[in-house]
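Take a look at the structure set out below.
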Amino acid sequence: MLDTLFHPFVLNDTLTLKNRIIMAPLTRCMADDDLIPTQAMVDYYARRADTGLIISEAILIRADGQGYPHTPGLFTPEQINGWRNVTDAVHHNGGKIFAQLWHTGRVAHPFFFGGEYVLAPSAIALEGTLPRMRELTYTTPKPATKAELEQLVADFSQAAANAIDAGFDGVEIHGANGYLLDQFLHFNTNVRDDEFGGTPENMARFPLAVIDAISQRIGRDRTGLRLSPGGYFNLEGDTRDRAVFDYLLPEVEKRCLAYLHVGIFDDSMNFEYLDGSVSHYMRTHYQGTLIGVGCYSPQTGSDAIEAGKFDLLAIGRPLIANPDYVSKVQANQTLVPYNDTMLAQLV
Ligand code: FNR
Ligand code: 8K6
């Protein structure tokens, strides 16, 4: 029975979702040369407005956060106007959409923004070369100073205000998948000995400052958060990370955000230092609304919601392959299987 997925869900006094299927944030690298959303992106999102909530592909808060080609921004008036076309089209089709805000930290590359260096917690480079741009090697980042971190908090907050200006229903702070905020939360990427490193309280300080600045700016009812307690992408997990998230999750819960979202590609992955899957760990340490994700089918996702493992189901790759995912599932039609070649085009 998939009925559970199609019940409306009250997120808070401000937002009610028409069903429990969330479009996961999916980077598509299809913005124009000025990182402005195109008409093809407007149409792509509008086609998926029957999901309960669309979470946009990750959007840059500023130029030096860029780590992949043609990822969109929300820091120029033209970018804000471009996103307004997207949100208008989604709203016109009866949908809701949050902007996922990111800075990729050490995963950024000066090539994209004509800079000299990238900022991160510590001077530890990601090994290897950029995907699809194999001639570029990741650089050793410059550890951000306290003043640079304060500016980043201000820029995250401004990007959230820009998102509301562009008509988004809210924002999701990208604290997952090894990008800037997540780099502070793992010992593999944070070896600072100042107030931003060394202890769980210190390592959580910058991410919490971003969360507080944004939720105070646009409202906690419009602020969601994605976290990856399990290090699996762009950095490596460490048994000591457990204490950081044991501290952070209750701190986040106190802030009464719209939701918390699991950051993972496959939720069947187990992390020894978390005593199981990330969704299990997050549910145990966080009592608010939780979005699960990671290789779920309508059936396994619906079963997980009924078993209380999470409250809402985010779907990523199947929604790339099936713009009409919701109506197909509802009508019990066969879904087109996803494959990576589908990333070449916005359908
Ligand atoms: C992703 N994912 C991702 N996550 C995120 O927080 N921000 C992003 O911009 C992206 N971009 C992205 C691009 C592509 C092509 C893929 C495949 C994935 C991760 C995504 O949100 C989701 O967690 C995973 O895809 C797992 O869900 P599915 O695809 O198994 O339903
Ligand atoms: C998140 C931004 C990504 C940029 C676009 C490329 C996405 C490629 C999707 C496949 C990546 C798979 C990563 C799997 C994680 C490893 C699990 C052990």
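In the set (1) away from ligand 1 (no atom under 14 Å from the Cβ); (2) closer than 30 Å to PRO143 by Cα; (3) in a loop (DSSP other than H, G, I, E, B); (4) in contact with a helix residue (DSSP H, G or I) (Cβ under 8 Å, 6 or more places away or on another chain), ASP64 fails one condition alone, (3). Residues in the stretch 36-58 that are under 20 Å from PRO69 (Cβ atoms), assigned to a loop (DSSP other than H, G, I, E, B) and among the hydroxyl-bearing types (Ser, Thr, Tyr): THR38 only. Screening VAL278 on (1) more than 15 Å from ligand 1 (Cβ to nearest atom); (2) touching a residue at least 40 places away in the same chain (Cβ under 8 Å); (3) aliphatic (A, V, I, L, M) shows it passes everything except condition (1). Please go through the stretch 84-125 and pick out each residue that is among the hydroxyl-bearing types (Ser, Thr, Tyr), under 19 Å from the mean Cα position of the chain (by Cα) and in a loop (DSSP other than H, G, I, E, B). Matches in the stretch 84-125: THR104 only.
Residues in the stretch 160-193 that are within 13 Å of ligand 2 (Cβ to nearest atom) and more than 14 Å from ARG226 (Cβ to Cβ): there are none. Scanning the stretch 133-150 turns up one or more residues that are under 22 Å from ALA58 (Cα atoms), surrounded by fewer than 22 Cβ atoms within 10 Å (Cβ to Cβ), in contact (Cβ under 8 Å) with a residue 40 or more places away in the chain and within 16 Å of ligand 1 (Cβ to nearest atom). Regarding the stretch 126-143, can at least one residue be identified that is away from ligand 2 (no atom under 16 Å from the Cβ), assigned to a loop (DSSP other than H, G, I, E, B) and touching a Pro at 6+ places or on another chain (Cβ under 7 Å)? Yes, the stretch 126-143 contains a residue that is away from ligand 2 (no atom under 16 Å from the Cβ), assigned to a loop (DSSP other than H, G, I, E, B) and touching a Pro at 6+ places or on another chain (Cβ under 7 Å).
Please work out which residue is nearest to ligand 1 (Cβ to nearest atom), limiting yourself to the stretch 29-46 and to residues that are of a type outside the set (A, V, I, L, M) and surrounded by fewer than 18 Cβ atoms within 10 Å (Cβ to Cβ). Step through it out loud before you land on a result.
Residues of the stretch 29-46 that are of a type outside the set (A, V, I, L, M), as a first pass: 29, 32-34, 37-39, 43-45.
This time we only want the ones that are surrounded by fewer than 18 Cβ atoms within 10 Å (Cβ to Cβ), so: 29, 32-34, 38-39, 43.
Working: CYS29: 9, ASP32: 18, ASP33: 20, ASP34: 19, THR38: 17, GLN39: 20, ASP43: 18 Å.
Per the stated criteria, the residue is CYS29.
On the given criteria, is ARG62 touching a residue at least 24 places away in the same chain (Cβ under 8 Å) and open to solvent by 10 Å² or more (accessible area, probe 1.4 Å)? Taking the combined requirement at face value, the residue satisfies it.
The rows are residues; the columns are (1) in contact (Cβ under 8 Å) with a residue 40 or more places away in the chain; (2) of a type outside the set (Val, Ile, Thr); (3) within 16 Å of ligand 1 (Cβ to nearest atom).
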site	(1), (2), (3)
LEU225	yes, yes, yes
PRO229	yes, yes, yes
GLY237	yes, yes, no
ARG240	yes, yes, no
VAL244	yes, no, no
PRO250	no, yes, no
GLU253	no, yes, no
VAL262	yes, no, yes
SER268	no, yes, yes
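With respect to GLY73, is the statement that it is open to solvent by less than 30 Å² (accessible area, probe 1.4 Å), among the small types (Gly, Ala, Ser), within 16 Å of ligand 2 (Cβ to nearest atom) and in contact with a His (Cβ under 8 Å, 6 or more places away or on another chain) true? Criteria not met by GLY73. Kindly check whether there is at least one residue in the stretch 1-22 that is surrounded by 20 or more Cβ atoms within 10 Å (Cβ to Cβ) and within 16 Å of ligand 2 (Cβ to nearest atom). No, every residue in the stretch 1-22 fails to be surrounded by 20 or more Cβ atoms within 10 Å (Cβ to Cβ) and within 16 Å of ligand 2 (Cβ to nearest atom).
The values are calculated or read from the model by the stated rules, or taken from the named source; none is laboratory data. Quick caveat: nothing in here was measured; it's all calculated off a predicted structure. Here Cβ is always computed from backbone atoms with ideal geometry, including for glycine, and neighbour counts include all displayed protein chains. We work out accessible area using only protein heavy atoms, side chains counted, and drop any ligands, DNA or RNA first. Shrake-Rupley method; radii C 1.70, N 1.55, O 1.52, S 1.80 Å.
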